[in-house]
1. Which one is farthest from D213 (Cα to Cα), of the residues in segment 251-266 that are buried (at least 19 other Cβ atoms within 10 Å of the Cβ) and within 52 Å of the chain's Cα centre (by Cα)?
2. With the requirement that a residue be touching a helix residue (DSSP H, G or I) at 6+ places or on another chain (Cβ under 8 Å), more than 26 Å from E178 (Cβ to Cβ) and buried (at least 21 other Cβ atoms within 10 Å of the Cβ), what does segment 208-250 give you?
3. If I ask for residues that are over 19 Å from E258 (Cβ atoms), touching a residue at least 60 places away in the same chain (Cβ under 8 Å) and in a helix (DSSP H, G or I), which ones from segment 156-185 would you list?
4. For Y73, only one of the following conditions fails: (1) assigned by TED's automatic domain parsing to the domain that holds A261; (2) among the aromatic types (F, W, Y); (3) more than 30 Å from Y196 (Cα to Cα). What is its number?
5. Within segment 186-207, can you find the residues that are over 16 Å from F248 (Cα atoms) and surrounded by 13 or more Cβ atoms within 10 Å (Cβ to Cβ)?
6. Could you identify the single residue in E150, E178 that is of a type in the set (D, E), touching a helix residue (DSSP H, G or I) at 6+ places or on another chain (Cβ under 7 Å) and closer than 25 Å to A271 by Cα?
7. When you go through D121, D144 one by one, which is the residue that is at pLDDT 85 or above, more than 20 Å from the chain's Cα centre (by Cα) and outside any helix (DSSP H, G or I)?
8. Residue under question is G153, and the condition is that it be within 24 Å of S256 (Cα to Cα), touching a residue at least 60 places away in the same chain (Cβ under 8 Å) and in the same structural domain as I268 (by TED's automatic domain parsing); does it hold?
Amino acid sequence: MYLCKKNYEAMKKIPFIALTGLLIVSSTSCVTKKKFLIAENGRIEALSRGDNLQGQLNECHNEMEKMRGEIDYLQQDTTQKANSIRHYQQLLTSNMSEQEKLNALLGEKLQTIQDLQGMIDQQNAKVQNLLNSVKDALLGFTSDELTVREQNGKVYVAMSDKLLFQSGSAKLDKRGEEALGKLAEVLNKQTEIDVYIEGHTDNKPIHTSQFKDNWDLSVIRATSVVRILIEKYQVNPLQIQPCGRGEFMPVADNESAEGRAKNRRTEIIMAPKLDKLFQMLQK
């Protein structure tokens, strides 16, 4: 009986112990689940933060790639601009060199122009001096016998038919020879001049045993003047050149006797030599 009671008491304790254990287990289970939830939430939050950080990291990588692209573009652009600057500097240097050459050439041309102007001034002075000398030498002759003028850098002495020749003749009169002698004094002092002797006639035809026509008459008269200057007055033959113009270069109207008298003339044209001037122009 006692044993049964004891067993009964023991049996009564079993549910209590089981319940206690269950409560302990249940309590432990609740605590563990809470911790689990907390841990899970922490893990999820950590994962979320990780994802955010990864996203930010990816954005940083993307931004860095973008910046690298911009840096590469800027470097290429800088290189191109540097090359362009070097190219323009080379062009500028080349242009400056060309400009210097042009300035030097311009300086040479200006110097040449100044030299030419100086020579032209000298030529004009020579012509004026020659003109004055010829006028002084021929002061003893009237305007009906001869005229002296300057034209286009040359000195012209127009000697009338009345002074030099008889009508239809190529033989010089003494008065004409005297005038040529005075002129020869000037020519022998001024050797740097060229002298042209031109014979001119009126338009009245001539045909004789000595002269076929006015061409013939003008040439032979010019030659007669040249012979006197060279043979009698020792003018340098290399300075002097005769030519005949016939009736084709009149200075007056051939319809009147006065006009025809003016046209019958011998012109002595004197011009300073232009060799140096021509040489200068050919440079």
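1. K262
2. The answer is E247, and nothing else.
3. L183
4. Condition not satisfied by Y73: (1).
5. Listed by number, the residues that qualify are V186, L187, N188, Q190, I193, D194, V195, Y196.
6. E150
7. D144
8. Answer is no for this residue.
The values are calculated or read from the model by the stated rules, or taken from the named source; none is laboratory data. None of the values given here were measured: they were computed from a predicted structure. Glycine gets a Cβ as well: all are built from the backbone with ideal geometry, and neighbour counts include every protein chain shown.
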